[in-house]
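Here's the structure, in structure tokens; my notes come after.
Just so it is clear, none of the values below were taken in a lab; they were calculated from the coordinates. These numbers were taken from a predicted model, which means no experiment stands behind them. All Cβ positions, even for glycine, are placed from backbone atoms using ideal geometry, and neighbour counts span all protein chains on display.
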Amino acid sequence: MVLDGLLKGAELTARTSVPLRDFAMVNLRWGFRVPPREAAEEIDAVVVGKAGDRMAGIRLPYLVMDKIGIEQVARADSKKEKSGPAYNDVAEACLGVKKQLEVIQAENGRLSKALIDLRSDVAAGKMNIFSDHHRSKYAADGRGDSDKTSIEKEAF
């Protein structure tokens, strides 16, 4: 076969660099190697095919990795003052998010205090949660089941 002679002992290689976190880079050379016919008896050559078949003796390529190296990458100086319109937009967005977070935390504190007060009122017996008076109070407020359907209709 012409193709058999062409690929005899051929090798296809590539170089790859893979970042390892933000401080190192792994460099390696890898590839595929087609063993020559005389290497078919060796342990690292894979030969497929049945005896007597015209395609017998096809050698499969195998993966080869060599020249593996680890290289230190210099970190960017994070203490430098950054400037420019993109940095200003990011700073503005962060400030807005920080203000929203403060508002949410304050509201969370108020709701926690109200919940603690409600629990203490129920525990002290100041409030009967099963009475009809409280149910009608919440229904008149628009939080009961009676107004729920009317609110849903208004939304659509």
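For this structure, a couple of remarks:
- A full extension of the chain between Asn108 and Cys94 corresponds to an added length of 3.0 nm, given 0.36 nm per residue minus the alpha carbon distance.
- Computed E for Arg75/Ala10 - FRET, C-beta separation, R0 41 angstrom, nearest 0.05: 0.50
- Within the shell defined by Cβ-Cβ distances under 14 Å, the residues around Glu71 carry a net charge of +4, with Lys and Arg each +1 and Asp and Glu each -1.
- Under 12 Å, Cβ to Cβ, from Ala24 - net charge with Lys/Arg +1 and Asp/Glu -1: 0
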